[in-house]
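Student: Before I ask anything, let me first share the structure, which is written out below as structure tokens.
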Amino acid sequence: MAQRKRTPDDFVRVRGAREHNLKDVDVDIPRDALVVFSGVSGSGKSSLAFGTLYAEAQRRYFESVNPYARRLIDQVGIPDVDSIEGLPPAVALQQQRGTPSVRSSVGSVTTLSSLVRMLYSRAGEYPPKQPMLYAEDFSPNTANGACPECHGLGNVYAVTERSMVPDPSLTIREKAIAAWPPAWHGQNLRDILVTLGYDVDTPWRDLPKKDRDWILFTEEQPTVPVYPGFTPKETRAAVRRKEEPAYMGTFMGARKYVRHTFATTQSATMKKRVARFMVGSVCPVCDGKRLKREALSVTFAGLDIAELTALSLDRMADVLRPAAEGRFNEAVSSKTLDRASAKRDTARRVAAGGSAHTGSSDVRRTPNLSEEKRIAAQRLSEDLVDRIATLQALGLGYLAMDRTTPTLSPGELQRLRLATQIRSHLFGVVYVLDEPSAGLHPADSEALHTALDQLRAAGNTIFVVEHDLEMMRRADWLIDVGPEAGQHGGTILYSGPPDGLSKIDESRTRRYLFGEAAPVHRDRRAPAGWLALAHVSRNNLHALDARFPLGVFTAVTGISGSGKSSLVSQALVDLICAHLGTAPEAEEEESEVPTVVQLTTGRIASGAEAIRRLVNVDQKPIGRTPRSNLATYTGLFDHVRKLFAATKAAKARKYDAGQFSFNVAKGRCPTCEGEGFVSVELLFMPSVFAPCPTCHGARYDAKTLEIEFNGKNIAQILGMTVDEALSFFENEAALHRPLALLHDIGLGYLRLGQPATELSGGEAQRIKLATELQRSQRGDTLYVLDEPTTGLHPADVDRLMRQLHGLVDAGNTVVVVEHEMRVVADADWVVDVGPGAGEAGGRIVAEGTPEAVAKAKDSRTAAYLRAVLS
Ligand code: ADP
Ligand code: ADP
Ligand code: ZN
Ligand code: ZN
């Protein structure tokens with residue numbers, strides 16, 4: 001890039017940054033440039049880019065708009081840094097950890113929804129005599145637009161005895177009513193029932209129906225005296241004597257509680273919790289389209305708004321283009337619309353026959369609109385087509401506007417936000433991005449580079465935390481953090497134009513960037529047999545036949561949206577699960593609204609007998625609360641607790657292993673109940689976690705913390721990184737192996753007590769893999785991994801690959817969905833899916849050794865693979 005010389009004023013100057021593992025670093029970062037932060041996982045890239053730069057920009061913003069926000073910032077903490085000068089306002093486009101709200105969709109994230117609503121309101125074709133509707137009448141998220149039956153959810157929910165009381169053999173005291181709120185609130189309801197004279201110690205199924213119905217379904221809310229801790233008999237006596245109660249408590253029926261909480265809670269966790277007790281089915285009134293009748297009777301180009309937004313963006317642009325170009329009397333190709341209806345999510349819209357516009361009429365015309373409407377239609381369509389073009393340029397044209405965000409990959413979501421930013425025409429802003437190339441085939445990355453170039457050319461600064469070598473090469477400036485992870489990292493090894501990194505010996509990035517790294521595995525193994533799938537249909541796969549070689553390492557490639565995940569993580573996993581008789585993990589169990597389950601059809605034609613076990617190592621969180629963490633998930637913590645219970649001091653006090661669990665009342669801190677944090681609820685904001693005022697995050701009571709093993713108490717052990725624990729527990733065989741595996745897989749920097757909620761999808765995936773590697777290998781297991789290299793530095797990718805190749809050497813079969821061409825080049829076999837995305841994909845374009853696929857003609861992967869193989 002031709003550049004004038006930068007002056008000191010063109011830099012963001014960071015002095016004394018100490019957030020997390022950063023070692024008091026000073027660094028000058030150019031503005032109006034594309035800056036990539038590189039380094040191995042855990043080296044401190046995010047601590048600098050997000051934890052310091054973005055956090056500081058945000059703090060300044062909060063302070064400037066709202067002095068009240070200062071209190072909030074105090075709770076969340078301010079970055080540990082001496083000074084930052086020259087920092088512009090910042091926008092973070094971070095990949096979300098955990099699932100976003102189901103009410104957001106491609107349309108709402110991109111703000112296309114509001115334009116489309118305007119289009120239907122101003123320029124739609126209305127039935128005779130129907131008055132014109134406002135834009136918000138076309139939104140299922142407003143009281144005006146929502147279908148009155150399902151309140152805009154598309155599904156109707158029943159809260160039933162079976163859903164609320166899954167195990168009727170339990171008594172109320174034994175928590176028969178699973179739908180009740182947890183902890184104190186639940187006990188309160190139970191104590192109220194005791195006062196009211198209900199039997200809480202008889203199994204649920206033996207209670208009279210009248211009582212069961214009242215407890216679950218009553219709308220009454222009696223307020224009665226409560227005597228916590230009293231037996232039913234004592235309570236009855238106390239009520240009779242009119243004894244002073246501990247407090248007055250108000251009862252709420254379980255169904256009322258579920259509905260009320262679902263409708264009003266600000267907390268996504270609570271919402272998910274109660275959604276489990278709601279049984280959903282498609283709304284019979286709107287057929288799942290979520291809108292009131294009047295809104296659905298308005299059409300544009302022959303489609304109602306739900307039909308239009310169910311089209312892929314590519315098709316939607318085709319439908320709108322004639323109007324955008326002022327060609328109002330032209331027929332919209334019936335082929336376009338047929339494909340559109342084929343694409344539709346069948347389960348949700350089986351009953352769509354209620355609409356006059358489905359079926360197979362041949363030609364549809366944009367109707368004869370009034371002049372005024374034509375002008376509006378043209379302007380709005382133009383704008384829509386234009387915005388869609390930005391999304392198409394980022395390789396997202398295969399998505400539909402009504403696709404909910406939880407079904408998108410984090411990378412897709414980030415690119416949607418990026419496209420929206422490009423359209424917003426801001427300038428003088430720093431965009432901070434987190435691995436934007438994740439999930440992108442190299443062919444799609446070109447579009448991403450163009451988009452970032454556009455943002456920068458508009459006068460913005462782009463900070464990217466990234467592992468992709470191509471992104472590093474394209475950067476104006478590279479900041480390499482390291483050399484290793486955690487306390488062995490946290491220094492700036494290099495800051496300057498990318499070429500200069502070639503002189504920095506201690507950089508782990510250097511070898512990869514300048515092509516000096518050797519392949520991990522280049523001898524091809526021969527398949528021991530074939531696992532053949534026949535007639536597979538799922539998403540964009542239609543009656544596809546596919547085969548995977550057994551006993552080798554297979555990489556499945558293809559551009560985003562081509563159908564890799566549909567084939568591997570969905571169809572292959574479902575069919576093998578069915579064969580093994582194990583249930584696939586219920587995907588919607590944790591979602592806020594039970595979605596309609598999608599099904600795979602097809603069968604295994606041959607080869608299934610060679611597989612006895614399936615391990616789907618996915619990126620779903622290993623737990624949703626701070627209670628699950630690395631140590632508990634891997635089982636390490638059981639051993640640690642036994643070691644503590646076996647110390648002299650513990651024996652003298654008769655402390656067993658349970659004393660050292662933060663999930664049991666014995667030794668944990670009573671204030672936070674072992675969480676180490678208390679959650680502070682804020683109105684209209686996600687709740688914030690603050691350290692527990694009693695134990696200050698230690699999780700245990702003072703007595704328990706007195707017990708030490710080799711000079712460390714149990715809280716200090718949880719505070720250790722894997723690498724620290726590895727040397728601390730050197731002589732404990734039971735701990736050494738799992739710790740060594742975590743280290744080998746590149747997770748040595750994680751703390752043992754690191755809460756599951758702080759882990760990225762990639763970290764969660766590697767923890768699962770490490771747990772899996774601890775098992776003895778029997779050689780009959782199929783391992784399925786979707787993009788295991790996400791979030792990994794090339795050096796960490798090599799470590800991971802050694803482990804995966806080790807599994808294959810032990811006789812197992814490994815299938816990965818992968819974009820990283822170095823990994824693909826090291827595979828024994830490649831299956832390339834495509835050629836395009838969505839309905840333009842879903843076929844096997846090429847299969848064979850990497851060398852063979854590199855020569856395939858129609859493969860978008862071939863050229864990139866050739867470049868790595870040569
Ligand atoms: P990178 O982005 O290079 O992968 P990070 O900046 O996320 O690395 O992490 C650098 C170090 O800081 C690691 O040792 C990590 O465990 C630690 N760390 C990250 N987040 C936190 C946190 N919220 N609290 C304490 N330590 C953290
Ligand atoms: P890849 O893994 O190659 O990126 P996917 O298998 O995720 O591709 O997607 C293939 C096609 O199926 C795309 O058109 C995508 O939009 C669609 N698709 C994937 N998941 C869902 C879903 N949950 N609901 C509707 N469509 C989906
Ligand atoms: Zn409805
Ligand atoms: Zn506490």
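Student: Taking R0 as 51 Å, what FRET efficiency do you get between Ala263 and Lys5 from their Cβ-Cβ distance, rounded to the nearest 0.05? Mind showing how you got there, number by number?
Tutor: Working: r = 60 Å, r/R0 = 1.18.
Efficiency at R0 = 51 Å is approximately 0.25.
Student: Determine the relative contact order of the stretch 728-839: mean sequence separation of Cα pairs under 8 Å and six or more apart, normalised by residue count, in whole percent.
Tutor: Relative contact order of the stretch 728-839: 26 percent.
Student: Please report the spacing between the Cα centers of the stretch 453-477 and the stretch 836-870 in Å, no decimals.
Tutor: Rounded to whole Å, the Cα centres lie 27 Å apart.
Student: For the pair Arg603 and Arg15, how long in nm is the line joining their label points, each one 7 Å along Cα→Cβ?
Tutor: 7.5
Student: At 0.36 nm per residue, minus the direct Cα-Cα distance, what do Trp530 and Arg236 gain on full extension? Give it in nm, one decimal, please.
Tutor: Extra length available between Trp530 and Arg236 comes to 98.8 nm.
Student: Calculate the FRET efficiency for Ile78 and Asp26 from the Cβ-Cβ distance with a Förster distance of 30 Å, rounded to the nearest 0.05.
Tutor: Values: r = 19 Å, r/R0 = 0.62.
Once rounded, the FRET efficiency stands at 0.95.
Student: Which length gain, in nm to one decimal place, applies between Arg293 and Arg423 when the Cα-Cα distance is subtracted from 0.36 nm times their residue separation?
Tutor: In short, 43.5 nm is gained.
Student: Follow-up. How big is the gap, in Å, between the Cα center of the stretch 102-147 and the Cα center of the stretch 800-822?
Tutor: After rounding, the separation between the Cα centres reads 48 Å.
Student: Can you put His488, His819 in order, fewest other beta carbons within 10 Å first?
Tutor: Fewest-to-most ranking of His488, His819: His488, His819.
Student: Run the Debye formula on the Cα coordinates of the stretch 630-755, all scatterers equal and no solvent, and tell me log10 I(q)/I(0) at q = 0.23 1/Å.
Tutor: Reported log10 I(q)/I(0), two decimals: -1.33.
Student: Here's a follow-up. Considering the zone a paramagnetic label at Val285 would reach in this model (a point 7 Å from Cα along the Cα-to-Cβ line), which residues of the stretch 109-142 have amide N under 18 Å from it?
Tutor: What the label zone holds, given the 18 Å backbone N cut-off, is 137-142.
Student: Now for a different question. In the structure displayed, which of Lys45/Lys503; Lys210/Lys272; Lys256/Lys292; Lys175/Lys703; Lys503/Lys855; Lys272/Lys620 lie more than 27 Å apart, Cα to Cα?
Tutor: The answer is Lys210/Lys272; Lys175/Lys703; Lys503/Lys855.
Student: Take the Cα gyration tensor of the stretch 160-277, multiply each eigenvalue by 5, square-root it, and list the three semi-axes largest first, rounded to whole angstrom. Please list the in-between numbers first.
Tutor: On the way: eigenvalues 116, 58, 28 Å².
For the stretch 160-277, the ellipsoid semi-axes come out as 24, 17, 12 Å.
Student: If you rank Val279, Val36 by fewest surrounding Cβ atoms within 10 Å, what's the result?
Tutor: Ordered by Cβ neighbours within 10 Å, fewest first: Val279, Val36.
Student: Could you work out the relative contact order of the stretch 630-755? I mean the mean sequence separation of Cα pairs under 8 Å and 6+ apart, divided by the number of residues, in percent.
Tutor: Relative contact order comes out at 22 percent.
Student: So if R0 is 45 Å, what FRET efficiency would Ala665 and Gln777 give, r being the distance between their Cβ atoms, rounded to the nearest 0.05? If you can, show how the numbers build up before the last one.
Tutor: Values: r = 39 Å, r/R0 = 0.88.
After rounding, the FRET efficiency stands at 0.70.
Student: Something else about it: Could you calculate the contour length gain from Asp167 to Cys577, that is, 0.36 nm times the residue separation minus the distance between their Cα atoms, to one decimal place in nm?
Tutor: Residue separation times 0.36 nm, minus the Cα-Cα distance, leaves 145.0 nm.
Student: Shifting gears a bit: Using +1 at the C-beta of Lys and Arg and -1 at the C-beta of Asp and Glu, which of Pro670, Ala631, Ala740 has the Cα lying farthest in the positive direction of the dipole of the stretch 630-755?
Tutor: Of the candidates, Pro670 comes out farthest on the positive side.
Student: Here is a follow-up. Given 4 °C and 1.567 mPa s, how large is the Stokes-Einstein diffusion coefficient of the chain in µm²/s, with Rh as the Kirkwood radius over Cα pairs?
Tutor: My calculation gives 43 µm²/s for D.
Student: Taking the number of other C-beta atoms within 10 Å as the exposure measure, put Trp214, Trp184, Trp204 in order starting with the fewest.
Tutor: On the way: Trp214 16, Trp184 8, Trp204 20.
Lowest count first: Trp184, Trp214, Trp204.
Student: Right, another one. Which lysines, on any chain, are close to Lys242 with Cα under 20 Å apart, when same-chain ones fewer than 8 places away are left out?
Tutor: Partners found: Lys233.
Student: If you find the alpha carbon centre of the stretch 248-272 and of the stretch 621-682, how far apart are they in angstrom?
Tutor: The stretch 248-272 and the stretch 621-682 have Cα centres spaced 29 Å from each other.
Student: Among all cysteines in the chain, which have no other cysteine Cβ under 4.7 Å from their own Cβ?
Tutor: Cys577
Student: Restricting to Cα pairs below 8 Å that are 6+ residues apart, what does the relative contact order work out to for the chain? Please round to a whole percent.
Tutor: 15
Every number here is computed from the coordinates shown, using simple stated rules; none is lab data. Note that the coordinates shown come from a computational prediction; the quantities given were computed from them, not determined experimentally. With ideal geometry, Cβ positions are generated from the backbone for all residues, glycine too; neighbour counts draw on all protein chains shown.
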